[in-house]
Each structure stands twice: as C-alpha cells, then as structure tokens.
C-alpha cells in the first residue's frame, strides 16, 4: 500500500425564490451525487458492505468493506477524488482492494491490497455541505408538474411521474401523505429526473419501495431524522437529518448529515439536474415583472 503525505469547481447561478432570497453552491451538486453513493456531511458509521464510493465530511469509523462496482471513484474537485474521501479522521479498519483513499487524518488503517492512501488532504467540507443543502432547498421550491400518487390502499400503493415538463417531474407531499406502511405496487417514471419533495421533521419509512430507479430523488428538505426501515430503491436527499439506513438496500445514492448505514448502498444518481434549478412559478412571474420594468425604463429614456 502506498501512502502519500501532502497538505467540477463550479459556481452555480443564484437561485431566486419567490421571496426574493438567493443562494449559491460552490460545487457541482450533480457531480457529487452522480459519483458518490453515500454522502455524509457529518460523521459516518458503516456497519455493512457497500458498493459505491463514499464521501464523509466528518469522521469515518468502520471495519466493513467498500468495493465500488467497476472500481469507480467519487469526485469532489479535480484534485480531490477517491473510493473513500474523508474530511475528518479515518478510524477503524475498512477493507478495499485497488482503492483510492483521501483523508485529512488517519488513526486507523486500510486493509486490502493495491490501495493508495493520501493523508493531510484539505477536503472542501463546507463547500460540499453548501452544495447539498442548497440543492435540497432549491428543489423544495419547485411546483408540482402533474405527478400522482395513491397511498390510500396499503397493498396497492402507486406512484407516477406523469408527463414530465422539460424532462423533469415534481411531486410535493406532506409527511402525513407519505408515511404509510405497505408496498408500492405500481410505479412509473417518464422523466429524466423525478423529484419528490416530502415535508416533515421526522421521517420513518416503513413501506416497501422495491423498485429501483436511480433518477428519482426523494428530498426530505425539513427532516432532522430519517429512518429507513424497509427496502427503498430511490435516491435520498436529507442533508439536515441524521440518516439511519436500518434495513433493505438501494442501488442509488443517499445524502445525510450524520449517516448510520446498516445496509448496502450500491449505486449513484443517474439522472440530470436543472442548471440552474428552475424557478417556481412565482419566481418566473417576478423575473417577468423585473424585466418589464427594465424595458419600460429603457423606452422612457429613449423618448
């Protein structure tokens, strides 16, 4: 094992919400969720084998194996990429083969053969947090596009993207609508990316969502705690929450603040994100009003 010692940057367009507030992320959110399976903005505890690259903003502690399919790497910036990227301390004894590890400090060790470990790395932890939190807030501003769901019958739950708008579908749910037990029997997605915004501070997922679709994002934008207690095959974006992956598994990505993973994460996001994220209807009206005022002023000056 070689150990090296050494100490898509993209400025996104500001997102104008209907209240007139703006925010910008300093890293490419799409690039992050498209290359990392698990993104823990804080600390990360892994209690299961995982098959996708891992990013940890805080500390990492595990004796489990990380073996991404196809030996892929996650990318934070062109110079910060790897099978496992840790902004804090890497503890425990994770196992990898032909892996690349980038970490700030390392009190543990990496098991396996042909691994490259770089310590003393300056990982842009706050920039990654800004990108994930900004993405969650921006997606939560989007209005429904005609997607539909029916969770009234626990044994016949259905979820459909409907006809996408410019390739995207959006559905907004309250936690009371979403937090049902049962099985998702019917699922359809015609969108490049299907965004499901779910309100609520504590999310306990007990229904079986057995379908796997790595272009679907469930955005738990208000959550402080998300507990996944059954199979859930869609992407999870919960940057403000402690995310507990207790059962099931997923072939796409998960994002949380602190993440406790007891089940496999096997893939990454395969959809596309609006760039910049589309404005809600009120935002477009506001921009139209601003443009109209500017045009009127120009005509007055010309006169």
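The residues of the range 119-136 that are outside any loop (DSSP other than H, G, I, E, B) and buried (at least 19 other Cβ atoms within 10 Å of the Cβ), listed by number, are 125, 128, 129, 130, 131, 132, 133, 134, 135, 136. Screening residue 273 against (1) under 14 Å from the mean Cα position of the chain (by Cα); (2) surrounded by fewer than 19 Cβ atoms within 10 Å (Cβ to Cβ); (3) modelled with pLDDT under 95 leaves a single unmet condition, (2). Here the range 235-259 is the region considered, the condition is being at pLDDT below 95 and assigned to a strand (DSSP E or B), and the residue that is nearest to residue 69 (Cα to Cα) is 250. The residue list 243, 237 contains one member that is in contact with a helix residue (DSSP H, G or I) (Cβ under 7 Å, 6 or more places away or on another chain) and buried (at least 23 other Cβ atoms within 10 Å of the Cβ), which is 237. Restricting attention to the range 150-171, the residues that are buried (at least 18 other Cβ atoms within 10 Å of the Cβ) and at pLDDT 90 or above total 9. For the range 83-105, the set of residues classified as under 26 Å from residue 30 (Cβ atoms), modelled with pLDDT of 95 or more and crowded, with 24+ Cβ neighbours inside 10 Å consists of 83, 84, 85, 86, 87, 101, 102, 103, listed by residue number. Consider the range 175-194 and keep the residues that are touching a strand residue (DSSP E or B) at 6+ places or on another chain (Cβ under 6 Å) and part of a loop (DSSP other than H, G, I, E, B). The one that is nearest to residue 209 (Cα to Cα) is 182.
The values are calculated or read from the model by the stated rules, or taken from the named source; none is laboratory data. Values in this document were obtained by computation on a predicted structure and should not be read as measured data. Note that each Cβ is placed from the backbone with ideal geometry, even for glycine, and that neighbours are counted across all protein chains shown.
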